[in-house]
Amino acid sequence: MSRLTQRIALLLLWAAAVLLCARPVTSNQLWHDVNRYDAHGNECKLREKKDIVCSRLCVTDTSNCPSSLQPSCPDGQTFCADGQCHSQCTDKIQANNPCHCKRSGRKLPDEAVDLVPCMTIPNVTIYGFRPWESKFDIRSACGSQAGIADQSKTVGVWGSSWIGDGIDSVWAECPAAPPPNYKYNESYWLATFSVNGALALFIVMWSVYKYWAERSIRSATKMANSPDARETEGASMLGAEDPDDGIAKPVINKPHSGGNESKDDLATEKRPASSTKTAGDQASSLGQGITLFGYTNSIFGTLCVWYIAVVTILWICYMGVWTADYYGSLPGSRHGVAYSLSYESDFLQLATFLLVWGITFIILITLYIVKPHFRNYFRIRTLPCKGQFVCIIRPVHSMKLVEEKINWIQQRINQLTERLIAALSRDRDYTTCRVDVTSGNLTYFTYQCTRYIYDSSTGQFAPFEFDLGTNHRSLVQQARGLSSEEAFSRQELVGPNFIEVKVPNIFKAFAREFFGFFYIYQFIFLWAFYFYAYYQVGLVDTGIILLSATIKVALRMQSERRLKRMAEQEEEVMVLRDGKWTTMTTRHLVTGDVIEIASGAHMSCDCILLSGTAIMNESSLTGEPLPIRKFPLHIDDGHYDHLGSGKISTLFAGTIVSQVQPVAKSADSLESDRVLALVWHTGTMSEKGQLVRKILFPNPITFVFNEQMRIVIFILVLYAGF
């Protein structure tokens, strides 16, 4: 057990002991009357309070106002319901009656309809102000200022005691207005409901349509899973298309004859000492556990995808609108007025922003979780051979560099983590490839730089490779080259001798970087800083994140461009086609071609040296600093092994030809005035191609640090939960 594990175990035991030994403690406030008693229980000294604003005194007739508050206006003016003198009492002025407490219609009590205010009472000063009896003291002081001798029986309070039964006036102490709330008929709420309601409707309609459109594939699934079908078909071949899950794996060593393959059976003419087979037994990228699903596009589904993208952007913009409203800088509103959308209520503004922030967070996290399935869900599922796209689902087997012995805590947390990874579909790699058709009407898709051809006779997608044989004599006999028809048919099956490395532009590179979970998490929580008046902190953190992301994207694009220059190698070469030497690019080379090796050439494919000698620089492939001399293949019945004894006659892709020497006369090898080589492997089947493929599509590696960090995260989750 490592020291880190021991410390974590001790920490967990200590935390458990603290929780078991802890007892609940309750506390009560010693003095409940705020500002009345001090810490020793003594009543606080009364203090003076100046310029207290008195409430309006309301009556049913201004003649009932105290003599000091009787309305008195200059000539030409009238005392209006707002308690002020005006030249004319308009409806707008009359509506500002302070005795109505800003209420009207059904919200205005019947007892307050006829109330009118008296003149304003001047501000008062209370020398022995009691905060715990603030309302009583203020009423007494204001009543004394107005000349009211005894107000206990003649003056009431608005909302609790009205005029009548000896009460001739009331204090307009308006009750606190109810907190502002939305009517949800505001334009921004109507737009929100409309946009998101339409989105929900589209998704439901698409789900129903998708279920109806995929009825044929479901029927085929039931038939394939029936016991009769299983007894008839027996164990399905590796690579046979299963209508249930679209499995399509490469046929292991499936023989086909070389030569003029037709689009029906891929091989109808057998060429001497040559046959066609799949590469499943040598360089198969599809293997056990691989599943294929076929999909076709739908206009309705594509519209749903774009609509979801637009709605997601609108939610982010909506969050920005509420943030601008928080600072009072929302365009179209009164300048400097904060919370204009929430009726100037800070609580309503906060609650609304948290709602919008939470919904945006849920949308982004949901899109991240369903990202492997998102696009294909809005396509119609079909058989892989009939679809426009093929989704390849491959199990991810990570290389774990951990200790041999781990404690039981690590085991349980690893099991929990693996279950979570499986539930989120992160234990499988999802790759969607477009299905194309060659000029020879062969259906294929390209996965990890390798072409997979659909063979209708076996119902399989498989990568093809041409077996030229392993006998020395038979290999030398192929020095006459291929015909144009043979080369064309073979290129239809294996594709061009060119490994394309796609380097995204700067926009796509940043999009690929920022769509990761870390950046989504940072984006959501940094926005809270922008809203809560900590935008300075948010801007600094955002700048740091953008700077690190820019450096990471720049370094990654630089590495990808370097790999692109190494992988995408193409130059002109002399090829023997139809018995004639022709100049063409290395892109068009296929297995079985005979080419001339020239000094200074860069090998773009694995070849077998048939005549002459060559000195090769293999430092870029093996790291060997010294040149290696290659000799032609002997004309005998020996066995050729390109990684064994035949390595001395093999020219590997990625190496450089330093020097060549033709051999005009030889007793045990082919005689020619040119240095000839037979193309053995092209594309990703070559040694260089396999190396490039491993670089482009590596298996993930897990270190000891990653395994032990799960314990730390588990403790943090427990701490956050409890």
Options ILE551, ILE545, ILE520, ILE499; residue that is under 30 Å from HIS588 (Cα atoms) and either touching a Ser or Thr at 6+ places or on another chain (Cβ under 9 Å) or part of a helix (DSSP H, G or I) (or both): ILE499
Would you check if there is a residue in region 504-513 being modelled with pLDDT of 90 or more, of a type outside the set (S, T, N, Q) and either in a strand (DSSP E or B) or touching a Phe, Trp or Tyr at 6+ places or on another chain (Cβ under 6 Å) (or both)? no
Considering each residue of region 445-463, count those that are open to solvent by less than 60 Å² (accessible area, probe 1.4 Å) and at pLDDT 85 or above, and give that number. 12
State which residue is farthest from GLU596 (Cα to Cα) when the search covers only region 554-579 and only residues that are in a strand (DSSP E or B) and in contact with a Leu (Cβ under 9 Å, 6 or more places away or on another chain). ARG577
Residue list for region 599-622, filter: outside any helix (DSSP H, G or I), open to solvent by 50 Å² or more (accessible area, probe 1.4 Å) and of a type in the set (Gly, Ala, Ser): SER599
Do we find a residue being in a loop (DSSP other than H, G, I, E, B) and over 23 Å from the mean Cα position of the chain (by Cα) anywhere in region 374-384? yes
Top-ranked residue of region 87-102 - restricted to ones that are surrounded by fewer than 13 Cβ atoms within 10 Å (Cβ to Cβ) and in contact with a strand residue (DSSP E or B) (Cβ under 8 Å, 6 or more places away or on another chain), ranked as nearest to GLY76 (Cα to Cα): SER87
Cβ pairs under 8 Å, 6+ apart, first in region 697-721 and over 30 Å from THR446 (Cα atoms) and open to solvent by less than 80 Å² (accessible area, probe 1.4 Å), second hydroxyl-bearing (Ser, Thr, Tyr) and at pLDDT 80 or above: ARG710/THR417
Given the condition in a loop (DSSP other than H, G, I, E, B), among the acidic types (Asp, Glu), on the phi > 0 side of the Ramachandran plot and at pLDDT below 85, answer yes or no: does some residue in region 331-347 qualify? yes
Per the filter on region 543-600, residues of a type in the set (Lys, Arg) and either closer than 29 Å to THR613 by Cβ or in contact with a Gly (Cβ under 6 Å, 6 or more places away or on another chain) (or both) are ARG577, LYS580, ARG587
So in region 396-444, with the set limited to residues that are among the acidic types (Asp, Glu) and assigned to a loop (DSSP other than H, G, I, E, B), which one is most open to solvent (accessible area, probe 1.4 Å)? GLU404
If you check GLY646 against the conditions, is it buried (at least 18 other Cβ atoms within 10 Å of the Cβ) and at negative phi? yes
Mind checking whether some residue in region 300-321 is touching a Ser or Thr at 6+ places or on another chain (Cβ under 6 Å), at negative phi and polar (S, T, N, Q)? no
Of the residues that sit in region 175-187 and are in contact with a helix residue (DSSP H, G or I) (Cβ under 8 Å, 6 or more places away or on another chain) and surrounded by 10 or more Cβ atoms within 10 Å (Cβ to Cβ), which one is nearest to VAL321 (Cα to Cα)? TYR182
Pick from region 128-152, criterion of a type in the set (D, E, K, R) and within 20 Å of CYS99 (Cα to Cα), ranking: most open to solvent (accessible area, probe 1.4 Å): LYS135
Every residue in region 649-664 that is more than 18 Å from CYS605 (Cβ to Cβ) and outside any strand (DSSP E or B), please. PRO662, ALA664
Any residue in region 541-562 that is open to solvent by less than 50 Å² (accessible area, probe 1.4 Å) sitting within a Cβ distance under 9 Å of a residue that is outside any helix (DSSP H, G or I)? List the pairs, counting only those 6 or more apart or interchain. MET557/VAL503; MET557/PRO504; GLU560/VAL501; GLU560/LYS502; GLU560/VAL503; GLU560/PRO504
Which residue pairs have Cβ atoms under 9 Å apart, sit 6 or more places apart or on different chains, and have a first residue in region 69-81 that is among the hydroxyl-bearing types (Ser, Thr, Tyr) and a second that is open to solvent by 70 Å² or more (accessible area, probe 1.4 Å)? THR78/SER87; THR78/GLN88
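The values are calculated or read from the model by the stated rules, or taken from the named source; none is laboratory data. Because the structure is a prediction, the values reported are computed rather than measured. Don't worry about glycine lacking a Cβ; one is built from the backbone with ideal geometry, like all the others, and counts go over all protein chains shown. With ligands, DNA and RNA removed, areas are computed over all heavy atoms of the protein, side chains included. Shrake-Rupley method; radii C 1.70, N 1.55, O 1.52, S 1.80 Å.
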